[in-house]
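Computed from the coordinates by the stated procedures, all read-outs in this text should not be read as laboratory data. Remember, it's a predicted structure, so these values are computed and weren't measured experimentally. Every residue, glycine among them, receives a Cβ derived from its backbone with ideal geometry; neighbour counts consider all protein chains shown.
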Amino acid sequence: MDKVKIAVIDNGVVEKVLRHPLEYRVYIDDTNCCVIDNEHMDLLGFIHGTICAMIIENNFSECMLSSVKILNDDGIGKVDKLKIALDWCYQNNIFLVNLSLGVTHFQDRTSIRDVINHYANRGMVIVAASANDGYKTYPASFSNVIGIAAGDVFKIDINLQKHIGVDFIVPSDHEIVLRGNPFKVGNSNSYAAPYVTAMIGKYFEKKSYSNVYTIRRELSSKEDFVYYPDWIEIAWVSKRCEQSREEYYFEE
């Protein structure tokens, strides 16, 4: 049976700290071309993507990981690189993606939504972290993305989480091993997302492919997952009703 393929789209992964080699290690350069990533990464630097990959591997060691670098060493990147990265994943038959990143600027919403819709409609399952500051985050807030926040970091307001599109509140307090020493990662939404990605990967291994709505139902049964259902922002009733329309009125 083929291994479940997972892409970590982030600031790169230090392959030598993983238990298994990466299937691919690429980055999107300044001309928006996808090329092989041979850059040496220092473990003393900002290893955000590496930690995400290790969390996935620790919880689902049978997966096949790939690294797609779109962020620089400081964890900053351009929005237009996301489309190139997701297209590369699609072309290489990777349909489960971890995005421990996002933007909170509303002006970027439309362009990101169009990109996400394109690949979600083609079967890609995208797990995205919400911003740690509590602002609505794109793409985590989209209904065709599994939006994640950490339940061991901040005071959780249920209504707020629904409003910003978070689907699950999960632990982010993980322990990994770096240079032979145990290391506890900092509590963050970024490190909650890869845990969920690993759980979905394990589900794929047993059930093969499922759509994002089936996955939500499956994950909501787990004890350490707190589930907040997706919410409807706008509804359009196409059938003309001559009588009372009371039945079509609803809240979020």
Taking amide H positions as placed 1.01 Å from N in the peptide plane, with prolines and chain starts having none, which residues 5 or more places from residue 64, or on another chain, fall under 5 Å of its amide H? 4, 5, 6
Sequence order, the range 24-30: Karplus ³J(HN,Hα) from phi using 6.51 cos²θ - 1.76 cosθ + 1.60, θ = phi - 60°, Hz rounded, Gly and Pro as x, gives 9, 9, 10, 9, 9, 7, 5
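Just order 176-186, 20-30 by mean Cβ neighbour count inside 10 Å, highest at the front, would you?
20-30, 176-186
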Phi angles of the range 82-95, converted by Karplus (6.51 cos²θ - 1.76 cosθ + 1.60, θ = phi - 60°) into ³J(HN,Hα) in whole Hz with x for Gly and Pro, give 4, 4, 4, 5, 5, 5, 4, 4, 4, 5, 9, 6, 9, 10
Could you rank the peptides 76-88, 193-205 by their average count of other C-beta atoms within 10 Å per residue, with the highest value first? 193-205, 76-88
Percent RCO, i.e. relative contact order, over the range 7-161, from Cα pairs under 8 Å lying at least 6 residues apart: 23 percent
Near the amide H of residue 72, under 5 Å away, which other amide H atoms are found, from residues 5 or more places off or on another chain, if H is placed in the peptide plane? 77
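Work out, step by step, the length gained on full extension between residue 107 and residue 179: first 0.36 nm times the residue separation, then minus their alpha carbon distance; give nm to one decimal.
On the way: separation 72, 0.36 × 72 = 25.92 nm, distance 4.18 nm.
Working it through step by step, the gained length comes to 21.7 nm.
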Filter the trypsin sites (Lys or Arg not before Pro) in the range 99-146 down to the DSSP loop ones having no more than 11 other Cβ atoms within 10 Å, then list what survives. 122
J(HN,Hα) series, the range 119-124, from Karplus relation 6.51 cos²θ - 1.76 cosθ + 1.60, nearest Hz, glycine and proline x: 8, 5, 5, 9, x, 7
Quick note, the range 68-122: a/c under 1.5 would make it rounded; otherwise a/b > b/c is prolate and the rest oblate (a ≥ b ≥ c, C-alpha gyration tensor); here it is oblate
